[in-house]
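**Q** One structure, pasted below without further comment.
The numbers here are math on the coordinates, done by the rules we state, and not lab data. Everything quoted here is computed from the prediction, not taken from an experiment. Using ideal geometry, Cβ is built from the backbone for each residue, glycine included, and neighbour counts are taken over all protein chains shown.
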Amino acid sequence: MKKANAIRPLKAAIERRTGLQNWVWWILPFITIAGWWYPVLGYFIPFCMVAGLSIAVKRGRAWCDWLCPRGSFLDVVLSPISLKKKIPDILRNTGFRIAVLSFLMLVLLTQLPRYWPSIAGMGLVFVTMLTVTTVLGIILGILFHPRSWCTICPIGTMSNWIGRGKSPLMIDSRCNECKACDTICPIQINRWQYHPSEGEAAVIPEWDCLKCGLCISACKREALTLRKP
């Protein structure tokens, strides 16, 4: 009975998160497909960029949890068919992430002026980029882990930088290194290794944290908390 009671908070947290993701994941395939006929839909991409970075100022990568249609799509649709392996270390490498960000920004800076001032033309540039990155995200998600793309996503990378220290995940000495938090983390962040031997709770300096709270619900010893912004 005690084990069943311990599972309930996590199950409820997963169901709540999935319920929220079901409201938004369909936006990704809709815009990716319909955008080729209605390029103006491509402007949803810069909207997501502004929204994600604005939230990062106070809450880190909270946008990437369920508000991001691509992130929700990867969790809801791709997870059942993913091999769910370890996310390759190269995708977490800072230099590689900067290279991906720089390349995609260079594409936008060189292609958008070609279509200026055509609203449809510039919208098609965003749709094309969305399509290419979505295909790449699906491939990475199937071969490795559903959220593999999120480690190199430009919005995610910039949110990582902007959101450092914002609404951090905290861990205290009650942690017994059971690693239940690692198992449930949607972006494979290791937390237990940061727990203090005694004294006050410590900040977990992993700024790719999506602030989803699943690890908090999974921790039977209640050693994890999110500091409110």
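**Q** Which order do the peptides 173-182, 60-69 take when ranked by the mean count of other beta-carbon atoms within 10 Å per residue, highest first?
**A** Put in order of decreasing packing, that is 60-69, 173-182.
**Q** Calculate the translational D of segment 169-226 in whole µm² s⁻¹ from Stokes-Einstein, where the hydrodynamic radius comes from the Kirkwood formula applied to all Cα pairs, the temperature is 10 °C and the viscosity 1.306 mPa s.
**A** So the translational diffusion coefficient is about 144 µm²/s.
**Q** Which distance in nm do the two modelled labels at residue 135 and residue 11 give, with both placed 7 Å along the Cα-to-Cβ direction?
**A** 4.2 nm
**Q** Any idea how far the Cα center of segment 28-79 sits from the one of segment 130-195, in Å?
**A** After rounding, the separation between the Cα centres reads 17 Å.
**Q** Within the chain, which cysteines find no other Cys whose Cβ is under 4.7 angstrom from their own?
**A** Flagged as lacking a Cys partner: 48, 64, 68, 150, 153, 175, 178, 185, 209, 212, 219.
**Q** Among 36, 67, 126, whose Cα projects farthest towards the positive end of the dipole of segment 18-139, with charges put on the beta-carbon of Lys, Arg (+1) and Asp, Glu (-1)?
**A** Checking the options against the dipole of segment 18-139, the answer is 67.
**Q** Excluding residue 170 itself, calculate the net charge of residues whose Cβ lies under 11 Å from the Cβ of residue 170, where each Lys or Arg counts +1 and each Asp or Glu counts -1.
**A** Value of the local net charge: +1.
**Q** Please list the non-local residues whose amide H lies under 5 Å from the amide H of residue 226, H modeled 1.01 Å from N, same-chain partners needing a gap of 5 or more.
**A** It is 170, by chain and number.
**Q** Please state the equivalent ellipsoid semi-axes for the chain: what are the square roots of 5 times the Cα gyration tensor eigenvalues, largest first, in whole Å?
**A** Computed over the chain, the values are 34, 19, 15 Å.
**Q** Moving to a separate point now. Please find, in a Gaussian network model of the chain (springs between Cα atoms separated by less than 10 Å), the residue of 19, 52, 71 whose mean-square fluctuation is greatest.
**A** 19
**Q** Same structure again: Multiply the residue separation of residue 120 and residue 183 by 0.36 nm, subtract the distance between their alpha-carbon atoms, and state the gained length in nm to one decimal.
**A** The residue 120-residue 183 span can extend by a further 18.3 nm.
**Q** Just to be sure I understand the model, the point goes 7 Å from the Cα along the line to the Cβ. What's the resulting residue 26 to residue 90 distance in nm?
**A** The two pseudo-label positions are separated by 3.7 nm.
**Q** Nearest 500 deg cm²/dmol is fine: what mean residue ellipticity at 222 nm does the chain get from its DSSP H runs of n ≥ 4 alone, each adding -39,500 (n - 2.57), divided by its residue count?
**A** -16000 deg cm²/dmol
**Q** Could you tell me the calculated FRET efficiency between residue 83 and residue 128, based on Cβ-Cβ distance and R0 = 45 angstrom, to the nearest 0.05?
**A** Efficiency for this residue pair is about 0.95.
**Q** Which cross-chain or sequence-distant (5 or more) residues have an amide H under 5 Å from the amide H of residue 26, H modelled 1.01 Å from N in plane?
**A** It is none; the list stays empty.
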